[in-house]
Amino acid sequence: MGTIAWLRTSRHGKSRGLLVTTAWISGVVVCAFVVNLAALFLYLDPQLPEAEAYRHYRYETPLRILTRDGKLIAEFGERRLIPIALRDAPDLYLQGVIATEDKRFYTHSGIDWISLANDMVELVFEPEVVRGASTITMQLPRNVADLSRDKTVIRKVKEMLLALKIERELTKDEILELYINVVPFGKRAYGVKAASYTYYNKPPNELTLPQLAMLAGVPKRPEAGNPINGPEWALDRRNLVLRRMRDAGVITLDEYEEAVVTPITAKVYTRQLDLHAPYPAEIARKELLNLYGDDIYTGFSIYTSIDFEQQAAAQQAIRNELEAYDRTYGYRGPEGRMDVTMPVESILEELGTYSAIYDFEPAVVLSLETRSAKVLRANGNEETIPWQGISWAKRALDDAYVGAAPSEASDVLSVGDVVRTRMEEGEWVLGQIPAVSGALVAVDPKTGGVSALVGGYSFEVNQYNHATQARRQPGSSFKPFVYSAALHHGVTPATVFLDAPLVFEDPSMEGSYRPKNDGGTYRGPTRLREALMKSINLVSIRVLTSVGGNKVIDYLPRFGFDTTQMPSNTQVAIGGGSLAYSPLEMASAYSVFANGGYKIQPHLIEKVIGRDGSATYEPKYPLVCNECEEAAGLQASVDDGLDGTDFNESPQLLAPRVIDARNAFLMNSMLRDVVRRGTGSKALELQRDDLAGKTGTTDEALDTWFNGFHPELVATVWVGFPQQQSLGRFEYGSTRPLSIWMKFMERALLDVPDRPLRQPNGIVRVRIDPETGQLASHAQSDAIFEYFRDENSPAGLAEGRRGVDSDVVSPENIF
């Protein structure tokens, strides 16, 4: 018994000694930790941001670009973040976050010392198990200040120190609100509201308990553990959240049991745009970036002048016509080649490097039959392209020529070709991304607001904006400005000029310059109206020589043209040589004719709304106000020095008058005849009598244009290759550009009634001889009516004005 008692006493003494030793070691570890922690605090404190920054933290939310009626056309920003106030967040979600992430959130001062001590003790005995003990407050720095997520002691101490600072600066509710708005959820979603829309396409307050619990658990592993990338882990994490909510008494046992068996219902819902319009959106973004810098990604919304319906019509018209042109001029060959003997997974991986453009999908040719081809799409599906989808593909040759029609599939395709295909009328067809480009700009001539803008076939293919960045030869579409200058200097629509060959001797040129008309034909004496209607080059040059080149060039800045580098030769008359303007500049210039003679300021941004909903930027632009002139009782003549500022007593800016109202009327009248009976007569298919415009085609059809307008809308269309090359011998401004313009205007003016041309004071209508332009006798049966400024009426002139008809003109006599 004595021995047994001694053994028991000895064993108990050793146990007490072991416990004392363990306690002593733990105490030493804790003390050492505290000492080292204090030292780290002193060292790291100066390196950390002030907690005040968290109070004024600006959420990184996408920049939103909208049409003038609030339709979303673009979002810019890596993060999808939609701020939500704490009071608007579902209580179940908040309770789930607290129960799972930080159950003592409302009682600790930033650091949960109890959890931290437990983790430190467990670390001594189980060093291989990594624990966090991060409170909600401690998690803020890594999500707000972008602190490293590496699991190091330094990072943890920084978080602890910042947590103490934040708790002294912010209330618990402010900390929790910041947390639920900045934590990541994967799929580029940050904050619970963005996550709610990303995974469920609903606001948070419409989510079910299982869905809210899922969102409460995702931030632990936002990329690998979200319900799409890691559904098994996400489900386990959701159920953990539900258990802790049950244990905390937040939900009942019945609610828990029902929720825990609910399957995952999450999907990925991408940001929904009402219309993808990247060209105008990028212009607006860059303009705001110049004003505010990177602050634009903190919740700004830009309301533009873009009209939703017009933009959609413009994009569709450009796309359809460029695709039609591209198919007409043949198949250029595959985009790439691929070894189809590779494993399917490797083929699909390589195919995935080709992006879909609109409905043109990338595919690789697997095999060929005589009149069909089997292709593999990027989604892994095999499809057959029948002969009807291949037979169009004549071989594209240089200079817009095409080869013979194919007789079998192998004439067009080879196994391993990477091609484009899409579904048309229930069958797959071979396609290609157009190499040709185009642009359309539509402007409200009364306000200057750009209502539609397309800078190319696809922004994804080429970000270069041909509507604003490309300056190309305007060709004959520049003639109306020369004719307006002529009217300003006394020429009338009835003035007769000789359409006949001209020879210019110029020592600066190699030999003589002999301009010609398209087709090489000449009409002899021709009235100005007829010459513009038929776009006769030789008459335009004679108009320039008659008025004087310097006078014409001095007149052109009224339309906004920069003339500092304008050539001092006859190319001004036909829009050739070094003349080069963008579609936006041309649309702005034609607006002067459309609005009766005023210079507007083209613009996109109407107003900018900050995150708080207030307007932070709302620029003012000059508006056209014909009634203001009439109310002031002023003669609408620019020659009298009248402009928008002379009678502007209101805060609204008024557009300055730059050409005489009668000049604008006469130009409108002549340009309407271009549509009624001239090179733009194809537009008669629209069955409107209030359209005006001018075609433009440069040598070898390198650039083709149509500039047209209605009193309420101006639209310019350009079609050409980015790297100048001929569009083809059958291409003109009256073909592709006019077709695009017509399709656009048909939709844009759908509910707009016909607008008759309003005749201003000082204009008279006189019967004239169509051959001479002179006043017609009462008995003349073939007399026609023509408009004149009253001081230029043939009724008061002894004989009509005639143009220069000499065969040789020296450049010195022109300028």
* Would you please list the contacts, defined by Cβ atoms under 8 Å and residues six or more apart or on different chains, that run from a residue in region 431-452 that is within 30 Å of S391 (Cβ to Cβ) to a residue that is in a loop (DSSP other than H, G, I, E, B) and of a type in the set (A, V, I, L, M)? => I433/V461; V436/L727
* How many of the residues in region 337-385 are within 18 Å of R422 (Cβ to Cβ), of a type outside the set (S, T, Y) and touching a residue at least 60 places away in the same chain (Cβ under 8 Å)? -> 5
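Tell me which residues, restricted to region 716-764, are aromatic (F, W, Y) and under 26 Å from the mean Cα position of the chain (by Cα).
Across region 716-764, the qualifying residues are W718, F721, W741, F744.
Among the residues of region 747-796, which ones are of a type in the set (S, T, N, Q), part of a loop (DSSP other than H, G, I, E, B) and farther than 29 Å from L686 by Cα?
Result: N761, T772, Q774, S777, Q780, S781, S793.
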* Structure fact -> Scanning region 551-573 for residues that are over 33 Å from the mean Cα position of the chain (by Cα), open to solvent by 30 Å² or more (accessible area, probe 1.4 Å) and at pLDDT 95 or above gives K551, D554
* **Test for Y199: is it under 21 Å from R87 (Cβ atoms) and of a type in the set (S, T, Y)** => no
* Looking at (1) open to solvent by less than 50 Å² (accessible area, probe 1.4 Å); (2) out of contact with any strand residue (DSSP E or B) (no Cβ under 7 Å at 6 or more places or on another chain); (3) under 29 Å from R64 (Cα atoms); (4) in a helix (DSSP H, G or I), which is the one condition that is false for P227? -> (4)
* To do: Could you grab me the full set of residues in region 65-91 that are surrounded by 21 or more Cβ atoms within 10 Å (Cβ to Cβ) and not in a loop (DSSP other than H, G, I, E, B)?
  => I65, L66, I73, A74, R80, L81
* Asked: Restricting the search to region 581-603, which residues are open to solvent by 10 Å² or more (accessible area, probe 1.4 Å) and either without any contact (Cβ under 8 Å) to a residue 12 or more places away in the chain or farther than 14 Å from L556 by Cβ (or both)?
  -> L584, A594, G596, Q601, P602, H603
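I need the full set of residues from region 204-218 which are over 14 Å from L92 (Cα atoms) and open to solvent by 10 Å² or more (accessible area, probe 1.4 Å), in order please.
none
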* Asked: Tell me, which residue of region 361-384 that is aliphatic (A, V, I, L, M) and touching a helix residue (DSSP H, G or I) at 6+ places or on another chain (Cβ under 8 Å) is modelled with the lowest pLDDT?
  -> A378
* Could you please let me know if L147 is at negative phi, surrounded by 20 or more Cβ atoms within 10 Å (Cβ to Cβ) and either in contact with a helix residue (DSSP H, G or I) (Cβ under 6 Å, 6 or more places away or on another chain) or at pLDDT below 85 (or both)? => no
* Structure fact -> Selection from region 785-815 of residues surrounded by 11 or more Cβ atoms within 10 Å (Cβ to Cβ), modelled with pLDDT of 95 or more and not acidic (D, E) yields Y787, F788, R789
* Structure fact -> From the option list V124, V129, single residue qualifying as part of a helix (DSSP H, G or I), out of contact with any Ser or Thr (no Cβ under 6 Å at 6 or more places or on another chain) and at pLDDT below 70 is V124
* To do: Scan region 384-425 for residues that are surrounded by 19 or more Cβ atoms within 10 Å (Cβ to Cβ) and in a strand (DSSP E or B) and report the count.
  => 5
* Asked: How do the pairs read when you match residues in region 716-730 that are closer than 20 Å to F478 by Cβ and of a type in the set (A, V, I, L, M, F, W, C) with residues anywhere that are surrounded by fewer than 20 Cβ atoms within 10 Å (Cβ to Cβ) and at pLDDT 95 or above, using Cβ under 8 Å and keeping only pairs 6 or more apart or on different chains?
  -> L727/L702; L727/F721
* **Filter result (open to solvent by 20 Å² or more (accessible area, probe 1.4 Å) and in a helix (DSSP H, G or I)) within region 524-544** => E530, K534, N537
* Find the residue count for region 230-253, including only residues that are free of Cβ contacts under 8 Å to residues at least 24 places away in the same chain and in a loop (DSSP other than H, G, I, E, B). => 3
* When region 444-466 is examined, which residues are found to be within 14 Å of S305 (Cβ to Cβ) and either of a type outside the set (V, I, T) or outside any strand (DSSP E or B) (or both)? -> D444, P445, K446, T447, G448, G449, S451, A452, L453
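Here's the yes/no breakdown for (1) of a type in the set (D, E, K, R); (2) over 29 Å from L713 (Cα atoms); (3) exposed (fewer than 13 other Cβ atoms within 10 Å of the Cβ); (4) modelled with pLDDT of 95 or more:
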position	(1), (2), (3), (4)
S734	no, no, no, yes
K743	yes, no, no, yes
P753	no, no, yes, no
V764	no, no, no, yes
S781	no, yes, yes, no
* Would you mind telling me which numbered condition in (1) touching a strand residue (DSSP E or B) at 6+ places or on another chain (Cβ under 8 Å); (2) β-branched (V, I, T); (3) farther than 30 Å from E618 by Cα I605 fails? => (3)
* Using beta carbons and a limit of 8 Å, which pairs, at least six apart or on different chains, have the first residue in region 566-577 and at positive phi and the second one surrounded by fewer than 19 Cβ atoms within 10 Å (Cβ to Cβ)? -> G577/P567
* Tell me, which residue of region 708-732 that is under 26 Å from N663 (Cα atoms) and in a loop (DSSP other than H, G, I, E, B) is most open to solvent (accessible area, probe 1.4 Å)? -> E712
* To do: For region 588-601, indicate whether the set of residues that are within 30 Å of K516 (Cα to Cα), assigned to a helix (DSSP H, G or I) and modelled with pLDDT under 95 is non-empty.
  => no
* Kindly indicate the residue of region 362-373 that is of a type outside the set (S, T, N, Q) and open to solvent by less than 60 Å² (accessible area, probe 1.4 Å) and also nearest to I740 (Cα to Cα) among those meeting that condition. => P362
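The values are calculated or read from the model by the stated rules, or taken from the named source; none is laboratory data. These numbers were taken from a predicted model, which means no experiment stands behind them. All Cβ positions, even for glycine, are placed from backbone atoms using ideal geometry, and neighbour counts span all protein chains on display. Heavy atoms of the whole protein, side chains included, go into the accessibility calculation; ligands, DNA and RNA do not. Shrake-Rupley method; radii C 1.70, N 1.55, O 1.52, S 1.80 Å.
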